[in-house]
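Just below is one structure, and these are the notes that go with it.
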Amino acid sequence: MIDISNLTFSYPGQPNLFDGFSISISEGECWSIIGPSGCGKTTLLYFMSRLIKPNSGSVRIDGEVSIRPRPKTGLVLQDHGLLPWSTTQKNVSLGFNVRRFYGPDGLHAPSGSKMNRKTELQIVDHWLNRLGISDLRDKYPSQMSRGQRQRAALARTLALSPDLLLMDEPFSALDAPTRKDLQDLVIELNRERNMTCVTVTHNIDEAVFMGQKILILARSINSEPVVIDNPSATDLNHDSFQAMCQKIENRLERSA
């Protein structure tokens with residue numbers, strides 16, 4: 001699904017974040033990326049979404065190297081990215097409006113993805129219901145809680161049926177019940193649709209819960225990836241959950 005090979009990158013005037021860095025993420029896997037602030041977690045996510053390109057090396061998704069964002073990749077940002085002048089329904093419909101403008105050209109929308117407006121609205125309604133915000137369809141972002149805005153951002157992304165879901169601190173600053181509910185939803189969708197998921201987080205418990213594999217990035221230059229297999233992901237009651245959390249904490253202390 002994702003193959004990053006010999007990636008090297010630095011921001012102008014800054015030391016390298018990555019130097020000869022390589023990882024492979026298989027289709028249908030759930031990964032967590034964790035590490036100290038400034039270590040390159042979000043930058044790595046942006047490579048996967050093709051919003052930025054490396055100084056050298058390659059990022060292949062389904063075997064394809066491109067500098068363009070791909071239509072089947074969904075990206076959920078920490079700040080939601082909702083249009084403040086649009087209602088929840090219009091925000092969730094945004095991707096369909098963009099795709100209708102360009103047409104199913106294979107660049108901005110998947111080839112053969114054209115559908116009529118009625119079908120689009122049915123899909124939007126499905127996700128508004130699935131995420132429990134159907135009663136907020138006529139509300140604006142300023143009239144909604146942070147958790148409700150995050151649900152709207154997820155609904156907008158999932159309405160386009162991505163096969164790769166990239167999330168940057170998607171559940172930070174949410175109350176515990178809302179965070180757990182949205183985490184469970186993502187895991188459920190991964191299982192239903194074999195959707196590949198990559199979650200950037202600062203939270204150790206979340207990294208262990210969400211990631212079948214956990215990538216630990218260091219504050220220093222990242223060359224050799226540190227990847228921890230986590231077969232007990234999603235099982236908070238498993239005996240090994242707390243042991244895995246402690247293992248990740250110890251590795252983070254060594255990489256800081």
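Numbers at a glance
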{"item": "Cβ-Cβ under 9 Å pairs, at least 6 apart or on other chains, region 36-51 side under 14 Å from His202 (Cβ atoms), far side in a helix (DSSP H, G or I) and of a type outside the set (Asp, Glu)", "result": "Pro36/Leu252; Pro36/Ser255; Cys39/Ser255"}
{"item": "Selection from region 218-256 of residues that are aliphatic (A, V, I, L, M), touching an Asp or Glu at 6+ places or on another chain (Cβ under 9 Å) and surrounded by 14 or more Cβ atoms within 10 Å (Cβ to Cβ)", "result": "Ile221"}
{"item": "Residue list for region 221-249, filter: modelled with pLDDT under 90, of a type outside the set (A, V, I, L, M, F, W, C) and in a loop (DSSP other than H, G, I, E, B)", "result": "Pro231, Ser232, Thr234, Asp235, Asn237, His238, Asp239"}
{"item": "Filter result for the condition that a residue is touching a Leu at 6+ places or on another chain (Cβ under 9 Å) and in contact (Cβ under 8 Å) with a residue 24 or more places away in the chain, over Thr234, Thr199, Thr178", "result": "Thr199"}
{"item": "Elements of type helices (runs of 4 or more DSSP H) in region 72-185, at least 2 residues being at pLDDT 95 or above and in contact with a Cys (Cβ under 8 Å, 6 or more places away or on another chain)", "result": "none"}
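Table: residues versus (1) over 14 Å from the mean Cα position of the chain (by Cα); (2) crowded, with 19+ Cβ neighbours inside 10 Å.
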{"residue": "Lys41", "(1), (2)": "no, yes"}
{"residue": "Phe47", "(1), (2)": "no, yes"}
{"residue": "Ile52", "(1), (2)": "yes, no"}
{"residue": "Ser56", "(1), (2)": "yes, no"}
{"residue": "Arg60", "(1), (2)": "yes, no"}
{"residue": "Val65", "(1), (2)": "yes, no"}
{"residue": "Leu82", "(1), (2)": "yes, yes"}
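The values are calculated or read from the model by the stated rules, or taken from the named source; none is laboratory data. Small disclaimer: the values here were computed from a predicted structure and weren't measured. As a convention, Cβ positions derive from the backbone with ideal geometry for all residues, glycine included, and neighbour counts pool all protein chains shown.
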